[in-house]
1. Taking amide H positions as placed 1.01 Å from N in the peptide plane, with prolines and chain starts having none, which residues 5 or more places from Gly385, or on another chain, fall under 5 Å of its amide H?
2. Viscosity 0.890 mPa s, temperature 25 °C: what is the translational diffusion coefficient of the range 63-123 from Stokes-Einstein with a Kirkwood Rh over Cα pairs, rounded to a whole number of µm²/s?
3. Please list, ordered by chain and number, the residues whose modelled amide H lies under 5 Å from the amide H of Leu372; skip anything fewer than 5 residues away on the same chain.
4. Which percent of Cα pairs goes in each bin when the distances of the range 458-544 are cut into 5 angstrom slices starting at zero?
5. Per DSSP H run of n ≥ 4, the term is -39500 (n - 2.57); total these for the chain, divide by its residue number, and report the mean residue ellipticity at 222 nm rounded to 500 deg cm²/dmol.
6. If you roll a 1.4 Å probe over the range 493-582 with all protein chains in place, what percent of the accessible area is carbon or sulfur?
7. Relative to the Cα centre, what is the charge dipole magnitude of the chain, using +1 at the beta carbon of each Lys and Arg, -1 at the beta carbon of each Asp and Glu, and rounding to the nearest 20 debye?
8. Separation between the Gln118 and Phe263 pseudo-spin-labels, each 7 Å from Cα along Cα→Cβ, expressed in nm?
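The values are calculated or read from the model by the stated rules, or taken from the named source; none is laboratory data. Nothing here was measured: the structure is a model prediction, and the numbers come from that model. So basically every Cβ, Gly included, is an ideal-geometry build from the backbone, and we count neighbours across all protein chains shown. What goes into the accessible areas is simple: the full protein's heavy atoms, side chains included, and nothing from ligands, DNA or RNA. Shrake-Rupley method; radii C 1.70, N 1.55, O 1.52, S 1.80 Å.
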Amino acid sequence: MGEKMATRKEKMGFAFKRFRGFWKQFKRSKRGVTGVGIVVFFTCLAIFAPLISPYEAIDPQVGREKYPYFGPVTGRKIAGSLCKPTWYKYVPWVPRGQVKLEERFYNLIIKEYGLEFQLFGREGEENATDIVLRLTKRVATVESITAMFPNGTSRDLLPDEWKLDPMRPREISIVKRYPDGTRFTVTYLTGTDVVENIEIVPDHTFTSSESFDYWTWQTTHPELVSVNYNSEKGYHNDGCIEISYNPTGTLGEKANVTLSRRFEYPYMEPPRSFFIHYSICVEGSPDSEVIMNIMFYKETETEPELFPLIAIPKQPGPYSHDGITSIRPEVIQNVKCSPATDRIFATAGNYTFSVQIIFPEEKNVKVYLDNLDCVIYGNAFGILGTDNAEPFPRDLFSSIVYGTRVSLIVGVLSALFSTLIGLFLGLVSGYVGGIVDEGIMRFADLLLVLPTLPLFIVLIVALQQVAGFVSIWNIIIIITFFGWMSFARSVRSMVLSLRERAFVEAAKAAGAGKLHIINRHILPNVFALVYVTLATSVPGAIILEASLSWLGLGDPRVPSWGKILYDFNASGTAVAMGLTEYWFWIFPACICIALLATAFILMGYALDEILNPRLRERR
């Protein structure tokens, strides 16, 4: 037993000594060290993805189970669609403040039922579907609208030939009908800024009394109304705001109480949207109806400007929930602007988010408010912005981080499995020979002449039709099945040479069997090729998986770099706005694919320089 332990320690010591010598040689290769560094970086990204990325890569949400209006397992979206990176605010050439913009449109005259209709489309878009010129920004001042007619002449439209509705400051109506194919150039002034999300309520679930202290309240009848924190009457039997109304006689007017949360809006451009959530429970007699008003106030030099959003009557009963957005019809009607944010947040300033409860006369009532939240969504978010997925836009940085896992898993496993299969078949084919060699090599030749990518597309589409989707493991199996042939031929050629060597003949003369000779004499001499092939096979698998995902043939449930490219291509953003406008959606994924593939290639070159005797002698 002691001798075996000593022998094992000696073997481990010898293996460690060999590895240390190999690492000394490997460190001399700048390409190899660079490749290892890049691979280690992406490996750390993959392992620590949940710590590095604060959001999920697919359907990211905030506050699951904390917004009852959406259901027990759904939260609110993290940001608006097509947000830019937040660090844009530090870039000097990104415009901020008042800017002059130009947008171009064309008209299309269609005839239906004996009538002519004039539709408008944005230049670059194929279909004209709007009855107005729909601008991307809110209009502060229209400087000019120029019409270029099909005959080549042009002129500025007169003020009575177009109309800007104050309720819709992003839409310009063209009063007259112009010849089909007329092109319009709108020059206007607008405010632009890098607008980040603003979470007005720090703790909307009222988990502690400190969260209640963020709110201020005032009432018309302080002797009849009390507002307190209740730690047990919340929707989940947790904290909430308790409002009690106890009238002592006939008042002649309805009492009310207003809860307020003050905040600053520091941007020159209106936000994309806002979202308000609340849970309310009313206790009292059946006819004790209260009215809840939700509103914004803007502080001015004289009186605060009021923007009433919605008035909601509430009857006594259990908790009810609602989610209010800036595009809700009642909100647009009350604010008298679409979108409502264009009027409410027209300029920077100090604002107040308020909830007012109006009580019935001569009725004792208790109102419990819980899950009271207000979030303003801007046009900038995170390190790399967001895509346009609905209803939950995805954080592109999180997609990049989690996509590292897919690329590494597919690349490493596909290369490992295909290399092992090629090694086994190459050893058997080269040493056994005869009909076995002929059969394996002809089958390899058959697979080599097949067009790989078109065949992959056919196989994956067939799998989609049968199973309904293609998993990442299906892709690994397919890449493995079509990736072993070249390595098997290389191993076979080495084995054909090795089996004629003197040490193999000596082993045969000593009575060694085929498996023993392959395992103890042939395999160690071809194993150096395994390391090189393993490293150089990974890039092909990574690029192939990215290509399939880019074509929409990947696993839709798994975030990958190829899926990011597919989403960008399918969105039509490149056609509508160009690559430069949303470069952060596509270029980071392309750079990551190229970097990781290049890293494994550099490692393969470094291994080849060390393990290949010809290159080693040359050095």
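1. Amide H neighbours of Gly385, under 5 Å, 5+ apart: Thr86, Leu396, Phe397.
2. Value of D from the Cα-based Kirkwood radius: 142 µm²/s.
3. Those qualifying (amide H under 5 Å, at least 5 residues apart or on another chain) are Ser279.
4. Per 5 Å bin, starting at 0, the Cα pair percentages come out as 3, 11, 17, 15, 12, 11, 9, 8, 7, 4, 2, 0.
5. The per-residue figure over the chain is -13000 deg cm²/dmol.
6. 61
7. The dipole magnitude comes to about 4560 debye.
8. 4.2
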